[in-house]
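Data first, discussion second: the structure below is written as structure tokens.
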Amino acid sequence: MLRNGLSIRVYGDKGGAEWVQMNPEELTVALADGTRLVLDRGGPNKIAGQSRYTRMKAGHPAGFVEAFANLYVDIADSLEAYKQGKDWSNPYVYGLDHAVYGLRILRAATVSHMTRQWQNLGTFE
């Protein structure tokens, strides 16, 4: 029996993904065609293999501290670029539009739960 175990599952039309706190180094992806993939943080993954996510070798505790370190570095870089009059956009630093979309997701999840029906989010613009 797991105590205080956390898992996150996301499902969509093309498949689903699951991350389990007790095994934080792996992401399990299940595609609609039945293919099952296990992605490891230390593996040759396009995003997870980037040096910003592998300060510590795979198998060593990582995650929370590194996530905030990355966020703070990205915010600092954006602020510095903004102060210098340069393009300060960063794919990891979100603005008001992204926050509003997040609120739409939470609202749709609430309505979906209450009505027991899927809700359409529209597109993120």
Self-check item: Of residues in the stretch 1-25 being farther than 28 Å from Asn120 by Cα and over 15 Å from the mean Cα position of the chain (by Cα), the one modelled with the lowest pLDDT
Solution: Met1
Self-check item: Long-range neighbours under 9 Å by Cβ, at least six apart or interchain, first residue over 19 Å from Asn70 (Cβ atoms) within the stretch 87-99, second part of a helix (DSSP H, G or I)
Solution: Asp87/Ala81
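Residues checked against (1) under 22 Å from Ile47 (Cβ atoms); (2) charged (D, E, K, R); (3) not in a helix (DSSP H, G or I):
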residue: Ala76; (1), (2), (3): yes, no, no
residue: Leu79; (1), (2), (3): no, no, no
residue: Leu103; (1), (2), (3): no, no, no
residue: Leu106; (1), (2), (3): no, no, no
residue: Ala109; (1), (2), (3): no, no, no
residue: Met114; (1), (2), (3): no, no, no
residue: Gln117; (1), (2), (3): no, no, yes
residue: Asn120; (1), (2), (3): no, no, yes
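Looking at Thr35, Thr28, which is the one that is modelled with pLDDT of 80 or more, surrounded by fewer than 10 Cβ atoms within 10 Å (Cβ to Cβ) and among the hydroxyl-bearing types (Ser, Thr, Tyr)? Walk me through it before giving the result.
Working: Thr28 fails: surrounded by fewer than 10 Cβ atoms within 10 Å (Cβ to Cβ).
Testing whether each residue is modelled with pLDDT of 80 or more, surrounded by fewer than 10 Cβ atoms within 10 Å (Cβ to Cβ) and among the hydroxyl-bearing types (Ser, Thr, Tyr) leaves just Thr35.
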Quiz item: Would the stretch 77-93 turn up any residue that is under 26 Å from Gly16 (Cβ atoms), at pLDDT below 90 and surrounded by 12 or more Cβ atoms within 10 Å (Cβ to Cβ)?
Solution: yes
Exercise. Determine the pairs where a residue that is among the aromatic types (Phe, Trp, Tyr), located within the stretch 51-79, has a partner that is at pLDDT below 85 and loosely packed, with under 13 Cβ neighbours inside 10 Å with Cβ atoms under 9 Å apart, the partner being 6 or more residues away or on another chain.
Key: Tyr53/Ile47; Tyr53/Ala67
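The values are calculated or read from the model by the stated rules, or taken from the named source; none is laboratory data. All values derive from a computational prediction rather than experimental measurement. When we count neighbours, we look across all protein chains shown, and the Cβ atoms used for this are built from the backbone with ideal geometry, even at glycine.
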